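Here's the structure we're looking at; comments come further down.
The values are calculated or read from the model by the stated rules, or taken from the named source; none is laboratory data. Worth saying up front: this structure is predicted, and the values here are computed from it rather than measured. Ideal geometry is used to build each Cβ from the backbone, glycine not excepted, and the neighbour counts take in all protein chains shown. Protein only, heavy atoms only, side chains kept; ligands, DNA and RNA dropped before computing areas. Shrake-Rupley method; radii C 1.70, N 1.55, O 1.52, S 1.80 Å.
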Amino acid sequence: MSPTHPRPSAHALILHKNGGWHLPFLTHQWLIWFWLSLLVCASWSSAAESDKARVLFLPFSIEIAGPYEHLQNGLPSVLASRLASRANIIAISRTGADDQMAKALQAGEYMVFSNLLRQSEADYLILGALQSTGAGTFELSSYVFTSTPGEPPEKFTLPLVTVDEALTTIDHIAWEISGAVFAMPRPESLITAPDSGDDMLAFQSAHPERAYRQEQLGSRTPGLEIEGQFTLVSSLRGRKMPLQVMDINTSDLNGDGQVEILLLTTNALLLYREMEGQFQKIDEIDLPGYLRYLSVTTADFNENGMAEIFIAGSNNDIPATTILEWNGQNWRTLWTNLTWYLRVMDVGTAPPILLGQKTPSAGSVYEMQLDPSQGVRPLRELALPRGINLYDFAQADITGDGSIETIAIGADNRMRVYNAAGTLLWTSSDIHGASSNFFGTLSSTAQTGRGTDPETVYIKTRIVIQDLDGDGINEVLVGRNRLETVPFMPNLRYFDGASIAAHKWEEGRLVPLWETRRTPGYIVNYQLSPAQEDTNRFELVLVEGEGGSPFFFWRSPSSMLARLTVEVQKNL
């Protein structure tokens, strides 16, 4: 039997009989504390990792001739390693999936891209390009997209004299991204004064004037909020709703004198009213979730006292329009899956007109008529400028000469006015009507290959025609989502602020009357609704989205309903 020994103290080092100092066996209590400490350290390490931003880097687009394909993955790899050490991020590595995402995004295969993006669980997405400037020099640019709602991407650009400078330049861009995006700027000890001829340090931002503009917008009260003929007297903003709104409209649907607000979402039509100082949902009807919805418009063409509700959608690239009625309590479906894109065009003081189009690309637009046997039928083709789609125009007398003008927004998002003979009278310098909604569905872009065409057919926000100042001549109200694009990703678009402006025809052009305060996000759509019991006021109802980002599928979308009440001083 082995001899027994006294139990050593857990705090003591004892001298072994053969010599040398040894740590005695730990007690059970200390063993427990030892393992607990390991668990705490592991949890601290895990928490530290979870606090780091997860950044996904896509292969760069190399838009120059020559043997530079290695830079496609080499540049983002260097950028990732630099940011991982400087900004303390986690660079996500997904072998093969990065190339697949870049190709899908460039081709407009949104379903493929969105699924891979969700799987990555990234907080940021970085993509970039090496391009020729056309003057014997080059340019290296990088876009940093964030999953934070309402935040536009940051762009970082530096010139190169030769392609050999690409790796040095990406290091400069890494420092700029580290400071501007992740609040980890280059230490002063590493900043060197640039030589007067050093083009490498001529750093440029995508929006060098953004801070100035935001400061100016914050220091003054533009548009409706200054004294003048049009004055903002009240406003109401609803709660953020966890849904994606495709369109909005207003109408007295059942003739009871109360105005309903119609919100068309990805899978339902919601009815709201403003009651007791807030927006309250009063009814809804589910819609097929496999369609992509474009618009909701209304008019009582059958003259039964209830407005027909036209919900235009796409089943892949095939039109799919539903016509409903609502009597205040129940829904009635008049037609479903009509193979026409349909919308109602309000033409100021004249009766509304139902319009239809068969194909998503620019084609014939017809004045339509309700038909009891087949839903609708075409009456006549409209004479429109070339390239104008169903959602690109409105027609009304805006000059006061008794003739009908066409107010159209082209593929370049410039607003134009044509006379009755089709002669162009005026073109805007600013862009108007840009949106993130488009014909077709997310799946159809991948199935048909239409996404490979940079001319994806986007629909425009609403052109509203109404006599706002009571002088008998119609004004034009249109949205101004500030569209931004990524040159090397032709199917990518996002928006850097939005407003709505009203225009009046004066001296051969449309002159702005007023403009709402610019918001940082994106305006889905809007409609004028006459305020009740006061002919000197009107209401502008709108839905705000979150930046109109191309990555709307990154996080669950949200929308916000708002109303502005404007007072008009007439006879000024």
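Take the residues of segment 308-339 that are open to solvent by 30 Å² or more (accessible area, probe 1.4 Å) and among the hydrophobic types (A, V, I, L, M, F, W, C): which is nearest to residue 407 (Cα to Cα)?
318
Residue 93 - would you say it is in contact (Cβ under 8 Å) with a residue 40 or more places away in the chain and either buried (at least 21 other Cβ atoms within 10 Å of the Cβ) or hydroxyl-bearing (Ser, Thr, Tyr) (or both)?
Answer is no for this residue.
Anything in segment 479-502 that is surrounded by fewer than 23 Cβ atoms within 10 Å (Cβ to Cβ) and either free of Cβ contacts under 8 Å to residues at least 12 places away in the same chain or more than 15 Å from the chain's Cα centre (by Cα) (or both)? List them, or say none.
Correct list: 485, 487, 488, 489, 490, 501.
Scanning segment 366-383 for residues that are in contact with a Gly (Cβ under 7 Å, 6 or more places away or on another chain) and assigned to a strand (DSSP E or B), which turns out surrounded by the fewest Cβ atoms within 10 Å (Cβ to Cβ)? Step through it out loud before you land on a result.
Looking only at segment 366-383, we keep the residues that are in contact with a Gly (Cβ under 7 Å, 6 or more places away or on another chain), and these are 366, 368, 376, 378, 383.
Subsequent filtering for residues that are assigned to a strand (DSSP E or B) retains 366, 368, 376, 378.
Numbers: 366: 19, 368: 24, 376: 21, 378: 17.
For segment 366-383, the residue satisfying everything is 378.
In this structure, does residue 498 turn out to be farther than 19 Å from residue 418 by Cα and among the small types (Gly, Ala, Ser)?
So residue 498 fits the description; yes.
In this structure, does residue 386 turn out to be outside any loop (DSSP other than H, G, I, E, B) and exposed (fewer than 12 other Cβ atoms within 10 Å of the Cβ)?
For residue 386, the condition - outside any loop (DSSP other than H, G, I, E, B) and exposed (fewer than 12 other Cβ atoms within 10 Å of the Cβ) - is not met.
Take the conditions open to solvent by 40 Å² or more (accessible area, probe 1.4 Å) and over 26 Å from residue 475 (Cβ atoms) and apply them to residue 305. Does it pass?
yes
Is it fair to say residue 257 is open to solvent by 40 Å² or more (accessible area, probe 1.4 Å), without any contact (Cβ under 8 Å) to a residue 60 or more places away in the chain, of a type outside the set (A, V, I, L, M) and assigned to a loop (DSSP other than H, G, I, E, B)?
Taking the combined requirement at face value, the residue does not satisfy it.
Checking residue 85 against (1) over 18 Å from residue 142 (Cβ atoms); (2) surrounded by fewer than 14 Cβ atoms within 10 Å (Cβ to Cβ), which test does it fail?
It fails just one condition, (1).
Which numbered condition in (1) open to solvent by less than 60 Å² (accessible area, probe 1.4 Å); (2) in a strand (DSSP E or B) is the only one that residue 429 fails?
Unmet condition: (1).
For residues in segment 136-155 being under 15 Å from residue 483 (Cα atoms) and modelled with pLDDT of 90 or more, which is surrounded by the most Cβ atoms within 10 Å (Cβ to Cβ)?
Result: 154.
Show me the strands (runs of 3 or more DSSP E) found entirely inside segment 51-164 where at least 2 residues are more than 23 Å from the chain's Cα centre (by Cα).
Output list reads 61-63, 90-92, 124-132, 138-146, 154-160.
For every residue, the table says whether it meets (1) at pLDDT below 95; (2) of a type in the set (Asp, Glu); (3) within 18 Å of residue 353 (Cα to Cα).
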| residue | (1), (2), (3) |
| --- | --- |
| 372 | yes, no, yes |
| 377 | no, no, yes |
| 380 | no, no, yes |
| 386 | yes, no, no |
| 392 | no, yes, yes |
| 401 | yes, yes, no |
| 405 | no, yes, yes |
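When you check residue 181 against the structure, is it more than 29 Å from the chain's Cα centre (by Cα) and farther than 15 Å from residue 58 by Cα, yes or no?
Spelling it out, it is not the case that residue 181 is more than 29 Å from the chain's Cα centre (by Cα) and farther than 15 Å from residue 58 by Cα.
Just to be sure, is residue 294 over 30 Å from residue 402 (Cβ atoms) and either open to solvent by 40 Å² or more (accessible area, probe 1.4 Å) or assigned to a loop (DSSP other than H, G, I, E, B) (or both)? Explain how you work it out, then say what you get.
Numbers: over 30 Å from residue 402 (Cβ atoms): yes; either open to solvent by 40 Å² or more (accessible area, probe 1.4 Å) or assigned to a loop (DSSP other than H, G, I, E, B) (or both): no.
The answer is no for residue 294.
Report, by residue number, each residue of segment 268-291 that is surrounded by 14 or more Cβ atoms within 10 Å (Cβ to Cβ) and either within 23 Å of the chain's Cα centre (by Cα) or part of a loop (DSSP other than H, G, I, E, B) (or both).
Listed by number, the residues that qualify are 268, 269, 270, 287, 291.
Taking segment 435-469, which residues are modelled with pLDDT under 95, part of a loop (DSSP other than H, G, I, E, B) and closer than 25 Å to residue 266 by Cβ?
435, 436, 437, 439, 440, 441, 449, 453, 455, 456, 457, 459
Any residue in segment 384-401 that is under 16 Å from residue 433 (Cα atoms) sitting within a Cβ distance under 9 Å of a residue that is open to solvent by 10 Å² or more (accessible area, probe 1.4 Å) and of a type in the set (Lys, Arg)? List the pairs, counting only those 6 or more apart or interchain.
389/460; 390/343; 391/343; 391/460; 391/462; 392/460; 393/460; 394/462
Let's see how each residue does on (1) farther than 25 Å from residue 117 by Cα; (2) in contact with a Pro (Cβ under 8 Å, 6 or more places away or on another chain); (3) modelled with pLDDT under 95; (4) not in a loop (DSSP other than H, G, I, E, B):
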{"position": "471", "(1), (2), (3), (4)": "yes, no, yes, no"}
{"position": "500", "(1), (2), (3), (4)": "yes, no, no, yes"}
{"position": "525", "(1), (2), (3), (4)": "yes, no, no, yes"}
{"position": "543", "(1), (2), (3), (4)": "yes, no, no, yes"}
{"position": "553", "(1), (2), (3), (4)": "no, no, yes, no"}
{"position": "557", "(1), (2), (3), (4)": "no, yes, yes, no"}
{"position": "562", "(1), (2), (3), (4)": "yes, no, no, yes"}
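Mind telling me which of the residues 210, 220, 237 ends up being surrounded by 12 or more Cβ atoms within 10 Å (Cβ to Cβ), at pLDDT below 50 and not small (Gly, Ala, Ser)?
It is 210.
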